[in-house]
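Derivation of every value follows stated rules applied to the coordinates shown; laboratory data play no part. Every value quoted in this text rests on a predicted model; they were computed, and no experiment measured them. Cβ sites come from the backbone with ideal geometry, for glycine too, and all protein chains shown count toward neighbours.
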Amino acid sequence: MGNEPMLQKLFGRGRRDAPDTRRGPRTQVEVARDGLAAARASSICVASGKGGTGKSTLTASLAIPFAKAGRTLILDADLGVANAHILHDLHPELTLVDVVEGRCAAIDAIVSAEDGLDLLSGGSGFSKMAGLSAYELHLLSAGIEKLELTYRTILVDSAAGLSAQTVAFAAASDVVLLVTTPDVTAMTDAYAFLKVLLRRNPRCEILLVVNRAMDEDEGKRTADKICEVSQRFLGRAPRPIATLPEDRAAFRCTQRRQPVVRGEPESELSLAIEDLATLLMAELAETRPRGLGRNLMRRVAWAPDLV
Ligand SMILES: Nc1ncnc2c1ncn2[C@@H]1O[C@H](COP(=O)(O)OP(=O)(O)OP(=O)(O)O)[C@@H](O)[C@H]1O
Ligand SMILES: [Mg+2]
């Protein structure tokens, strides 16, 4: 929690203000294009393959340091059984269900979690949301496209599994945080997710997080195994970025409906998540935001029938 000057240094000025000195003089078109891109939020998609690996726990806590560095939105893309709002003790009346059914604009479904941090809930107990039509996904993308002009960072809390829309969100984000645990079924599902994602977007930036590790060694062994198998069979491997410890603080804070970095900021898990946030901000400072909604829309490629 005490690393705000560092966060500001990494993220506060960041790529938006810094001139690009790597190449020669840029054309007016390049400058204008960069200006447009820079106005959009950076996006991080937290995904896993298997359910219950800790995506929502991690997203809820990562959002706190990100919000300190600039306005942040948690987008709960768990469209079947959304629960990101629970971890911030929120009770949104409108959700993405209302957005895709045309009852409200995405901006009207946003609720404030705390200073600088907003949430757009996915909605719960609505089975239709498990599989949106191309048109509904188009509506969703258009809503997000408008929102991304007002945030610095969008954190997407994904649904488990390999549904088309879960993979589309990951493929459209600037960075994917692939979360696994040392459990062999979680590792297998992380690999399966990777395979589908790379097919969808071969240039995807994928960072690997091992959650619930008993120690650093277990985290390293888990990451090495996934990287080795992916490199061998997919010709590409994710980049390991963090090992997060098994920590009962996660359970206690979930019961209290609090992100762990808020409820138990000095816990081992909170400190590891703070470190991860700092690394991610450095990572994003090197990445030009492509625009989640805009990118998603391109990937959905819905077009009305021409009559
Ligand atoms: N590092 C950790 N140490 C101990 N428990 C953890 C840790 N991370 C998450 N948990 C616990 O694991 C359970 C599942 O976490 P969470 O809901 O965040 O997973 P998820 O990946 O979002 O699940 P889903 O796929 O259902 O959305 C929760 O009970 C949470 O408290
Ligand atoms: Mg979840």
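Values as computed for the structure displayed
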{"item": "Test item: Cα-centred dipole of the range 39-300, Lys/Arg +1 and Asp/Glu -1 on Cβ, debye", "result": "1020"}
{"item": "Euclidean distance of C-alpha centroids, the range 79-119 and the range 218-252, integer Å", "result": "30"}
{"item": "Furthest towards positive pole of dipole, Ala213, Ile86, Gly122, structure part the range 39-300, Cβ charges", "result": "Gly122"}
{"item": "Mean Cβ neighbour count within 10 Å, used as a protection proxy, ranking 94-107, 56-69, 156-169 highest first", "result": "56-69, 156-169, 94-107"}
{"item": "By average C-beta atoms within 10 angstrom, highest first, the peptides 172-185, 203-216, 229-242", "result": "172-185, 203-216, 229-242"}
{"item": "Under 12 Å, Cβ to Cβ, from Ala159 - net charge with Lys/Arg +1 and Asp/Glu -1", "result": "-1"}
{"item": "Inverse of mean 1/r across different Cα pairs in the range 39-300, Kirkwood, Å", "result": "18.0"}
